[in-house]
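**Student:** Just passing along the structure, written as structure tokens.
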Amino acid sequence: MSNLINPDKVPKRKLYTGEEIPCIGMGTFGSDRFTPEQIAGAVAGAIKIGYRLFDCASVYGNEDIIGKVFASAIENGIVKREELFIMSKVWNDKHGRGDVLLSCAKSLKDLQLDYLDTYFVHWPFPNYHAPGCDKDARNPDSKPFSVDRFMATWRQMEKLVDMGLVKNIGMSSMTIPKLDAVLPLCRIKPALIEMELHPSFQQPELFHYCLERGIQVISFCPIGSPNRPDRDKTADDVVDLEIPELVKIAKSHKVHPAVICLKWAVQRGQIPIPFSVSESHYTNNLRSAIEDPLTRAEMEILKGVDKNCRLIKGQVFLWEGAKGWEDLWDLDGKIAN
Ligand SMILES: NC(=O)c1ccc[n+]([C@@H]2O[C@H](COP(=O)([O-])OP(=O)(O)OC[C@H]3O[C@@H](n4cnc5c(N)ncnc54)[C@H](OP(=O)(O)O)[C@@H]3O)[C@@H](O)[C@H]2O)c1
């Protein structure tokens, strides 16, 4: 069987802005384990086999080398720029006035693009952690969420749309209380929101909140991020790929459990952005969206495996006086400060 997948066969979703986006893409965060060269190699292979959506970020430290891959694929006629949907994100230490524009300009330069299809606010806090840090790392400058600070950043994001540098803007790792506070203030509403979603962490309330408001959800860690950085691992974390019901469904479809995570995501309506440096894995991942769908009964079974198990707890972003990682996620319905 040929590895090539016709990108026209990959279903698209329509954003409220009118733009179309593939229903599955590829992530580019190497989890402090893979080199930029390995990741850029996977992006090059992925474009060749039919991926068109890529999730990048300045903090992943590889946009310059991935940019070379995009430029060469376009130059060699493998893909046209307008067929690609490329996303990037402003990192937490660039939230201030003016810095968002500079950060976007740097990503555009590194990625060798003259516009981004989506630019995200990577985290809703200006809290920085050093790449590769461990779970106990804290930055004394970290601050709790503030509507005013967030909106100052969002105004810059809106400006990027006005300037034609960015087609859509998005938020990431938000909560319902934070969205309730900022959405009414947005001149340009987010077209997309990135959030952690996998079978053991389905966030049904936040997911439906976004859908009801016409915001497309992008799901990160869609396979349960088995190789995530050690700082994001705790003893109680559920391993999605070992959930018995999921493993059983995978056996009956004769695929790896990772593929079932992705079929579940696509059929539920979120856009998964799985990461892989293995050609056979990322080929299977794209193929998951175009063949052998899960039955309604299988979707129901998977709905039942939710364990409310957040993996990316974000404790490295905590501020002085915060009680624990739960403070980042407004669990009692109020913004923690
Ligand atoms: N907005 C945010 O704050 C945020 C946070 C986290 C992540 N993200 C984005 O989301 C992307 C995905 O998240 P993630 O990388 O943490 O986790 P993930 O996609 O859930 O898991 C990736 C891991 O799964 C393995 N894998 C992938 N396909 C497989 C297959 N078919 N069979 C077996 N194993 C497979 C990969 O190993 P192999 O390489 O061996 O295939 C890789 O180590 C990131 O790359 C990043 O772009 C965004």
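**Student:** Within the range 209-227, does at least one residue satisfy the condition of being open to solvent by less than 10 Å² (accessible area, probe 1.4 Å), under 15 Å from K313 (Cα atoms), touching an Asp or Glu at 6+ places or on another chain (Cβ under 7 Å) and in contact (Cβ under 8 Å) with a residue 24 or more places away in the chain?
**Tutor:** Yes; the residues of the range 209-227 include at least one that is open to solvent by less than 10 Å² (accessible area, probe 1.4 Å), under 15 Å from K313 (Cα atoms), touching an Asp or Glu at 6+ places or on another chain (Cβ under 7 Å) and in contact (Cβ under 8 Å) with a residue 24 or more places away in the chain.
**Student:** Please give the number of the condition V59 fails out of (1) assigned to a helix (DSSP H, G or I); (2) open to solvent by 50 Å² or more (accessible area, probe 1.4 Å); (3) within 16 Å of the ligand (Cβ to nearest atom).
**Tutor:** Condition (2) is where V59 drops out.
**Student:** Separate question: Mind checking which pairs have a first residue in the range 152-169 that is closer than 16 Å to E82 by Cβ and open to solvent by less than 10 Å² (accessible area, probe 1.4 Å) and a second that is in a strand (DSSP E or B) and not aliphatic (A, V, I, L, M), Cβ under 6 Å, 6 or more apart or different chains?
**Tutor:** These pairs meet every condition: V166/Y119; N168/T118.
**Student:** Where the second residue is open to solvent by 70 Å² or more (accessible area, probe 1.4 Å) and at pLDDT below 95 and the first is within 30 Å of P124 (Cβ to Cβ) and polar (S, T, N, Q) and lies in the range 75-96, which pairs have Cβ atoms under 8 Å and are six or more apart or on separate chains?
**Tutor:** Listed pairs, sorted by first residue: N92/Y128.
**Student:** Given the conditions (1) under 30 Å from M151 (Cα atoms); (2) not in a loop (DSSP other than H, G, I, E, B), which single one is not true for R97?
**Tutor:** Just one mismatch for R97, condition (2).
**Student:** Another one. Scanning the range 173-194 for residues that are without any contact (Cβ under 8 Å) to a residue 60 or more places away in the chain and under 18 Å from the mean Cα position of the chain (by Cα), which turns out nearest to P274 (Cα to Cα)?
**Tutor:** Restricting to residues being without any contact (Cβ under 8 Å) to a residue 60 or more places away in the chain and under 18 Å from the mean Cα position of the chain (by Cα), the top hit is I193.
**Student:** Then there is this: For residues that are open to solvent by 10 Å² or more (accessible area, probe 1.4 Å), within 12 Å of the ligand (Cβ to nearest atom) and in contact (Cβ under 8 Å) with a residue 40 or more places away in the chain, tally how many sit in the range 234-272.
**Tutor:** So the count comes out to 0.
**Student:** Take the residues of the range 3-44 that are touching a helix residue (DSSP H, G or I) at 6+ places or on another chain (Cβ under 6 Å) and more than 12 Å from the ligand (Cβ to nearest atom): which is most open to solvent (accessible area, probe 1.4 Å)?
**Tutor:** Among those residues, the one meeting the criterion is L4.
**Student:** Kindly indicate which of S88, S142 is of a type in the set (S, T, Y) and outside any loop (DSSP other than H, G, I, E, B).
**Tutor:** S88
**Student:** Take the range 45-56 and flag every residue that is farther than 19 Å from D110 by Cβ and crowded, with 16+ Cβ neighbours inside 10 Å.
**Tutor:** Those that are farther than 19 Å from D110 by Cβ and crowded, with 16+ Cβ neighbours inside 10 Å: G45, I49, G50, Y51, R52.
**Student:** Additional query: Could you identify the single residue in G67, G30 that is on the phi < 0 side of the Ramachandran plot and not in a loop (DSSP other than H, G, I, E, B)?
**Tutor:** Of G67, G30, the one residue that is on the phi < 0 side of the Ramachandran plot and not in a loop (DSSP other than H, G, I, E, B) is G67.
The values are calculated or read from the model by the stated rules, or taken from the named source; none is laboratory data. Everything quoted here is computed from the prediction, not taken from an experiment. Cβ: placed from backbone, ideal geometry, glycine included. Neighbour counts: every protein chain shown. Surface areas here come from the heavy atoms of the whole protein model, side chains and all, with no ligands, DNA or RNA. Shrake-Rupley method; radii C 1.70, N 1.55, O 1.52, S 1.80 Å.
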